[in-house]
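We did not get these values from a lab; they are worked out from the coordinates using the rules stated. Everything quoted here is computed from the prediction, not taken from an experiment. Here Cβ is always computed from backbone atoms with ideal geometry, including for glycine, and neighbour counts include all displayed protein chains.
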């Protein structure tokens, strides 16, 4: 099993609106992809910045490719992300959960 983690930052004032946006767009896309074992949004406010992590679990890299495309390390963004995000991190992180 593979864990995929994406990180993004918004202004703290935009945290609630961005969380709703991610839960309406990205999270359903994760969950609708065959081989996805679940997806969640984690939010942490630090001063005037909100940190977002999307945490998703996958059967393997082929399932991740079905969601992310051939370059599984490349972050996937949505149309309105530019309205909220402070920058666009180019990559995501994957962890192997095999044997756990």
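For this structure, a couple of remarks:
- Total residues in segment 65-100 satisfying the condition of being part of a helix (DSSP H, G or I) and more than 29 Å from residue 11 (Cα to Cα): the figure is 2.
- Residue within segment 85-92 that is in contact with a strand residue (DSSP E or B) (Cβ under 8 Å, 6 or more places away or on another chain), surrounded by 12 or more Cβ atoms within 10 Å (Cβ to Cβ), touching a residue at least 24 places away in the same chain (Cβ under 8 Å) and closer than 21 Å to residue 1 by Cβ present: yes
- Looking only at segment 1-19, and only at residues there that are under 14 Å from the mean Cα position of the chain (by Cα) and farther than 12 Å from residue 52 by Cα, the one that is surrounded by the fewest Cβ atoms within 10 Å (Cβ to Cβ): 3
- Total residues in segment 28-56 satisfying the condition of being in a helix (DSSP H, G or I), surrounded by fewer than 17 Cβ atoms within 10 Å (Cβ to Cβ) and in contact (Cβ under 8 Å) with a residue 24 or more places away in the chain: the figure is 1.
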